[in-house]
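Note sheet for the following structure.
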Amino acid sequence: MNAAPEHAYLLDPAAPEEDSRRDSRQAAEHLAAFVRQFVEEDPRNALPEGGRPRIWEPPLLGVAAAGDPLFTRLKTPGVVGPLHRSPKEWLPGAQSVISWFLPYSKAVRASYPKKSPLPSLAWVSGRRNGEVFNNVLRRAVIRFLEKHGGQGVAPSNEAQYQAIGMIPLWSERHAAFIAGLGSFGIHGALITRLGCAGRIGSVITDLELSPTRRPYREIYEYCPYPDRCGACIPRCPAQAIGAQFGANWRDNARCVIQGRDVVGDFFKDWGYHSCGHCLTWLPCADRIPRASSPRAQKPKAEAREEEEAAFLSTL
Amino acid sequence: MTTMAESPVPRIPLDYPSVRDAVADYLLQVNHGAYQPDRKKVLSVRKTDRTAWLRDVSSPVRGEAFYFIEGELFSEKNATRLQAGETPRERAEKLLDGIWPQLQIWIAYDFARSTSGMNAP
């Protein structure tokens with residue numbers, strides 16, 4: 001366990017039980033197939049510049065029960081905070097939270113310079129235009145749910161949504177953690193089976209879908225820091241990651257200044273900003289790092305069992 | 001799920017006349033002769049002034065966001081079919097009445113500079 005004690009809130013021995021009901025599993029499988037096809041076929045999944053490469057590869061998808069007690073824990077000060085709303089505060093009657101991780105395409109990832117303090121044009125464009133596609137996907141998932149007799153709400157696209165002092169009313173990363181997609185790195189991003197270089201989205205629904213089993217128990221389980229990694233610390237051009245920043249490992253203000261002001265100024269004519277050094281050229285960029293905790297590096301038999309349980313992540 | 005009473009107004013409002021005219025032009029085209037919805041037509045909106053126009057789908061264009069007329073803006077079957085005696089403009093206005101608040105929010109988020117809210121600086 002690498003995390004500071006403050007993060008014990010997310011220790012959860014009572015992960016959602018495997019739901020044996022065929023209906024909710026089939027519904028989740030249909031949704032997964034729809035999302036995969038949508039990401040592969042919608043024309044907005046492309047950069048507007050250059051050869052218009054694809055921004056996202058097909059996502060990982062996970063489902064959390066709306067009543068999962070971890071959502072209540074997110075309201076704890078210092079976790080996300082009291083402003084964070086539960087699924088049922090966004091959608092009365094909520095049953096499930098569908099969460100996805102969109103991994104950047106190889107073209108976008110490979111464009112990122114290894115040594116420059118600045119990102120590539122493809123990266124900053126992918127960050128901006130990729131989030132537009134993420135919005136498109138959120139709306140498509142809502143339509144899918146409505147066609148199947150349910151309701152859907154994407155908190156991050158609701159008019160009331162905002163982040164106050166960097167505390168969001170809905171945390172996509174924490175929802176993804178609860179939905180079994182991955183655990184955090186000290187850089188603040190979620191490390192999934194496909195790494196951390198990507199973006200996260202979610203939709204809350206009143207349809208009951210089978211929750212994805214969380215194959216981890218600890219918030220930093222997939223992050224090998226401090227014993228076997230720490231590669232993101234020297235890579236950050238803003239020196240915004242490190243133990244000196246306390247339990248969160250990160251100085252968010254430095255991070256924002258780098259992405260918004262430094263990178264934003266460099267790409268001013270393009271209208272883009274944001275940095276991605278902590279998501280690229282790292283052992284966790286496109287996988288769970290080999291040096292992560294023993295539980296994250298399971299033997300094959302155990303890994304297979306995990307794969308079967310996390311059926312949605314086989315997208 | 002947002003209601004108008006609690007909705008903050010997007011910083012740059014969507015230009016209603018250009019949206020209405022684009023949708024009306026679409027209705028004119030697909031109702032000419034036999035009703036034939038066109039799944040390749042999109043409403044494209046420009047970031048700088050939030051004006052809109054009708055075009056065929058293509059790769060994304062810098063500074064624009066687009067939305068499919070059929071299935072995305074208007075998801076109900078035959079929503080874009082003109083009724084007897086109804087003009088394209090009348091139909092366009094009726095259709096927009098049903099989606100206008102939501103469309104404003106979609107566009108505000110698609111052009112938002114950060115993910116901290118639709119009016120985030």
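Residue-wise test of (1) surrounded by fewer than 22 Cβ atoms within 10 Å (Cβ to Cβ); (2) under 17 Å from the mean Cα position of the chain (by Cα).
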| site | (1), (2) |
| --- | --- |
| A:GLY51 | yes, no |
| A:LEU60 | no, yes |
| A:ASP68 | no, no |
| A:ALA107 | yes, no |
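Of all residues in region B:99-109, how many are free of Cβ contacts under 8 Å to residues at least 60 places away in the same chain and crowded, with 21+ Cβ neighbours inside 10 Å?
Total meeting the criteria: 2.
For region A:228-248, check the following and say yes or no: at least one residue is among the hydrophobic types (A, V, I, L, M, F, W, C), more than 20 Å from A:HIS273 (Cα to Cα) and in contact with a Ser or Thr (Cβ under 9 Å, 6 or more places away or on another chain).
Yes: one or more hits.
Are there any pairs with C-beta distances below 7 angstrom linking a residue in region A:100-126 that is under 25 Å from A:GLN37 (Cβ atoms) to a residue that is of a type in the set (S, T, N, Q) and in a helix (DSSP H, G or I), with the two at least 6 apart or on different chains, and if so which?
From residues that are under 25 Å from A:GLN37 (Cβ atoms), the pairs are A:LEU102/A:ASN134; A:ALA122/A:SER111.
Which condition breaks for A:ALA122 when tested against (1) in a helix (DSSP H, G or I); (2) buried (at least 24 other Cβ atoms within 10 Å of the Cβ)?
Among (1) in a helix (DSSP H, G or I); (2) buried (at least 24 other Cβ atoms within 10 Å of the Cβ), A:ALA122 violates only (2).
Facing chain A (nearest Cβ under 10 Å) and under 24 Å from A:ASN45 (Cβ atoms): does that describe B:VAL57?
yes
Find all pairs meeting these conditions: Cβ atoms under 8 angstrom apart; at least six residues apart or on different chains; first residue within region A:30-49 and over 12 Å from A:ASN129 (Cβ atoms); second residue aromatic (Phe, Trp, Tyr).
Once the first residue is over 12 Å from A:ASN129 (Cβ atoms) and sits in region A:30-49, its partners that are aromatic (Phe, Trp, Tyr) give A:LEU31/A:PHE144; A:PHE34/A:PHE144; A:VAL35/A:TRP100; A:VAL39/A:TRP56; A:ASP42/A:PHE133.
Please find, among B:PRO60, B:PRO88, the residue that is within 25 Å of A:ASN129 (Cβ to Cβ), in contact with a Leu (Cβ under 9 Å, 6 or more places away or on another chain) and surrounded by 14 or more Cβ atoms within 10 Å (Cβ to Cβ).
So the residue among B:PRO60, B:PRO88 that is within 25 Å of A:ASN129 (Cβ to Cβ), in contact with a Leu (Cβ under 9 Å, 6 or more places away or on another chain) and surrounded by 14 or more Cβ atoms within 10 Å (Cβ to Cβ) is B:PRO60.
Restricting the search to region A:135-149, which residues are modelled with pLDDT under 95 and not hydrophobic (A, V, I, L, M, F, W, C)?
Listed by number, the residues that qualify are A:ARG143, A:GLU146, A:LYS147, A:HIS148, A:GLY149.
Restricting to region A:126-165, count the residues that are outside any helix (DSSP H, G or I) and either more than 8 Å from chain B (Cβ to nearest Cβ) or in contact with a Pro (Cβ under 9 Å, 6 or more places away or on another chain) (or both).
Residues in region A:126-165 being outside any helix (DSSP H, G or I) and either more than 8 Å from chain B (Cβ to nearest Cβ) or in contact with a Pro (Cβ under 9 Å, 6 or more places away or on another chain) (or both): 12 in total.
The values are calculated or read from the model by the stated rules, or taken from the named source; none is laboratory data. No experiment lies behind these values; they were computed from the predicted model shown. Note that each Cβ is placed from the backbone with ideal geometry, even for glycine, and that neighbours are counted across all protein chains shown.
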